[in-house]
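Right, one structure below, let's go through it.
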Amino acid sequence: MSASSGYSNRAKFTGHINHTNPANQIDQGLHLDHSQHSHHANSTNPVPRKPAPNHSSWWKKLKSQKMLMLMSVPFLIYVIIFAYVPLYGWMMAFQNYKPGSSMLNNSWVGWKNFAELFQDDSFLRVIRNTLAMSVINLVFGFVSSITLALMLNEVRKMLFKRVVQTISYLPHFISWVVAANLIMNMLSIDGIVNQVLVKLHIIKEPIMWLSEQYYFWWIIGASNVWKEIGWSAIIYLAAMAMIDPSLYEAASIDGAGRFRKIFSITLPGIRSIIIILLIMNIGHILDAGFEQQYLLQTPMVVDYSETIDIFVLKYGINLSRFSFATAAGIFKTVISVILLLAANRMAKRMGQERLF
């Protein structure tokens, strides 16, 4: 009796389901499953809340690095005194500054000094010289230092490698006063450069190198490479030392030669360092130098030897035009910052390493 009644009840229930809309059944089933799943998820896995900032852990981390903080204090003081405090003097560029008077008691002239700066033909010529020598130093310096680092990295005799590296970066520690005298002696009429070139029949008679305008930029570039090539190569050698040696072993198994390893492993391995140093050097592209050009120039090459720093000294400070000299310095700083930001932005767009 109970079995037949159960069967009839099941039949009625089945008939009721068959007469309903199947789509509604599916929707109701999905809604039921979703509601049950949501209820289960809410009951077992509540939404995590953002933890409150733990100031004690931050303070502990700061105390654990207290020695690093103490070591950075002298550098911080140095930067504040020699980089930020002098910015107070930038007000002179917008004043008719008179030495001996208070900074705030001088008359304000607005952008007059900047207008005079760009109307001066000497300043436009100085910008040309600065950019030309900076580009030559940048290209020659990068290519020569990377090439030297690659050559030293391939040397297997450590004694020979250390001797060459030591000889190459020793000129960095020589002041430009001494280095300029050495260069002038080598480039004199009876200097070693003219003697070698005449012996090799490259030139017929000695040349007065430092008296020819068109040679001066290249002499600056070559002398800068001679003085800084070894010092600049140190950081590339350090980057090459961090490359995994197993990459070279795998390349040797695949039959790669020495040049193939350089272009496929070494150069890609130091690419990030190259990009970062390139960005930093682009930011200093208006720093073509002062001592090098000032000591090597002669009256015959003045139009090609003066840089922005020499211009500030010669046409600003020496003539007591302090506001004019300050305007030239501000122009140099602003352009350097713009170039640095632009180079960093370009590296970011290209997906390369960047400073920030």
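Figures for the structure shown
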read-out	value
Cα→Cβ-extended label distance, 7 Å offset, between W108 and S57, nm	5.1
In sequence order, calculated HN-Hα J values of the range 330-343 (Karplus, 6.51, -1.76, 1.60; Hz; x Gly/Pro)	5, 4, 4, 5, 5, 5, 5, 5, 4, 5, 5, 5, 5, 5
Cα convex hull volume per residue for the range 175-308 (Å³)	150
Cα-based reach from K199 at 29 Å (exclusive), listing lysines while leaving out same-chain residues under 8 positions away	K227
13 Å cut-off, amide nitrogen to a point 7 angstrom out along Q195 Cα→Cβ, residues in the range 209-224	none
Candidate aspartates and glutamates for bridging to K261, where Cα separation is under 12 Å - those fewer than 8 sequence places away on the same chain excluded	E154, E249
Solvent exposure ordering (accessible area, 1.4 Å, most first) of L200, L62	L200, L62
Pairs of Cα atoms farther than 15 Å apart, the range 123-175, %	63
Sequence of M300, M133, M103 when ordered by accessible area, the most exposed leading, probe 1.4 angstrom	M300, M103, M133
Full-extension gain in nm, S72 to M280, via 0.36 nm per residue minus C-alpha separation	72.7 nm
The range 206-234-the range 91-139 distance, computed between alpha-carbon centres (Å)	28
Spatial separation of Cα centroids for the range 282-335 and the range 173-188, in angstrom	21
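The values are calculated or read from the model by the stated rules, or taken from the named source; none is laboratory data. Quantities reported herein were computed from a predicted structural model and do not represent experimental measurements. Note that each Cβ is placed from the backbone with ideal geometry, even for glycine, and that neighbours are counted across all protein chains shown. The accessibility values were calculated without ligands, DNA or RNA, using every heavy atom of the protein model including side chains. Shrake-Rupley method; radii C 1.70, N 1.55, O 1.52, S 1.80 Å.
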